[in-house]
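Below is one structure, written out as structure tokens, with a few remarks after it.
The values are calculated or read from the model by the stated rules, or taken from the named source; none is laboratory data. These numbers were taken from a predicted model, which means no experiment stands behind them. Glycine gets a Cβ as well: all are built from the backbone with ideal geometry, and neighbour counts include every protein chain shown. For accessibility, only protein heavy atoms count, side chains too; no ligands or nucleic acids. Shrake-Rupley method; radii C 1.70, N 1.55, O 1.52, S 1.80 Å.
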Amino acid sequence: MKSKQLSVENLCEVLEATAEVQRQWEELGIALGLDRTKLAEISQTHPSILQRHYHLMRFWITDVGASWVALVHALKSEVLKEEELAKKIEIDHEGQLSSVRVKVLVTQNDKKLTEANLADLQAISLVEWKAVGLMLGIHDGMLESIQQSDSSSEKCQHAMLQCWINTGQAYWSTLVEALRSPLLGEEEIADEITKQYLKVETDEQFDPSKPEEPQQG
């Protein structure tokens, strides 16, 4: 496994790869060699597990120096003993990294979102707006800029969604897949969006490879 230095461009991949152990973020930090003072600072500053996991991995990448090899060693350490996850990462990242950006589930009701959809999007409560932004492909630097510019989570969410729409790659299906990702696990919100905007019942086994049945009438 090549010991390639990671950058902030890899943050989304790293967060996805370690989503299974995000509740053990502190042990992960110790295994990665972070100072306990820094871990205490993260714990005091950020209230949720997801936020702590995010800031832990961001600090590790930007300030410590990170690689997939170092992450695998940390997962295999006596602190975590996550052999299966370490092996999975070794396999997944042995060669060219495959993108972990959200996949798009296309239905006949899906459409590109515009500013006209901002009110509907803003009505969706995205507690972890920054993590959602990452999964939607928004650059980490832009998300940090939004957080510094706006005081409230509501304003930050609005700015993030505006940024996403401006990419020209905003679809309901993309948001649904982001919410369903291991990093977020917001199944209930994803189900509600699927029913309301994609008009697909969540208990249906939708297969995009199959043609849709024609509408009656």
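Once phi is turned into θ = phi - 60°, what whole-Hz ³J(HN,Hα) does the Karplus curve with 6.51, -1.76 and 1.60 give for every residue of region 165-174, x standing for Gly and Pro?
4, 5, 6, x, 10, 9, 9, 4, 4, 5
Each residue of region 73-79 in turn: what ³J(HN,Hα) in whole Hz from Karplus with 6.51, -1.76, 1.60 and θ = phi - 60°, glycine and Pro shown as x?
Taking θ as phi minus 60°, the curve returns 4, 5, 5, 7, 5, 5, 5 Hz for region 73-79.
Assign one of three labels to region 1-75, namely rounded, prolate or oblate, based on the Cα gyration tensor with a ≥ b ≥ c the square roots of its eigenvalues; rounded applies when a/c is under 1.5, prolate when it is not and a/b is larger than b/c, and oblate otherwise.
Taking the square roots of the gyration eigenvalues as a ≥ b ≥ c, region 1-75 is prolate.
Taking amide hydrogens as modeled 1.01 Å from N in the peptide plane, which residues meet the under 5 Å criterion relative to Ser67, leaving out close sequence neighbours?
Under 5 Å from the amide H of Ser67: Leu6.
Within region 1-94, which GluC sites (Glu not before Pro) sit in a loop by DSSP and count at most 11 neighbouring Cβ atoms inside 10 Å?
Hits after loop and neighbour filter: Glu78, Glu94.
What net charge is computed for the residues neighbouring Trp25, neighbours being all others with C-beta under 15 Å from the C-beta of Trp25, Lys and Arg scored +1, Asp and Glu -1?
Residues near Trp25 contribute -3 overall.
Would you grab the residues whose amide H sits under 5 Å from the one on Tyr171? Only those 5+ places off in sequence or on another chain, please, with H modelled 1.01 Å from N.
Leu113
If I compute solvent accessible area with a 1.4 Å probe over the protein chains, what percent of it on region 132-179 is carbon and sulfur?
Summing carbon and sulfur atoms, their accessible area is 46 percent of the total for region 132-179.
Using the crude model of +1 on Lys and Arg Cβ and -1 on Asp and Glu Cβ, and no other charge, please compute the dipole size for region 120-205 relative to its Cα centre, in debye to 20.
With Lys and Arg at +1 and Asp and Glu at -1, about 340 debye.
Which whole-Hz ³J(HN,Hα) couplings does region 80-91 yield from phi under the Karplus relation 6.51 cos²θ - 1.76 cosθ + 1.60, θ = phi - 60°, glycine and proline marked x?
Karplus-based 3J(HN,Hα) across region 80-91 equals 10, 6, 9, 5, 5, 5, 4, 5, 4, 5, 4, 5 Hz.
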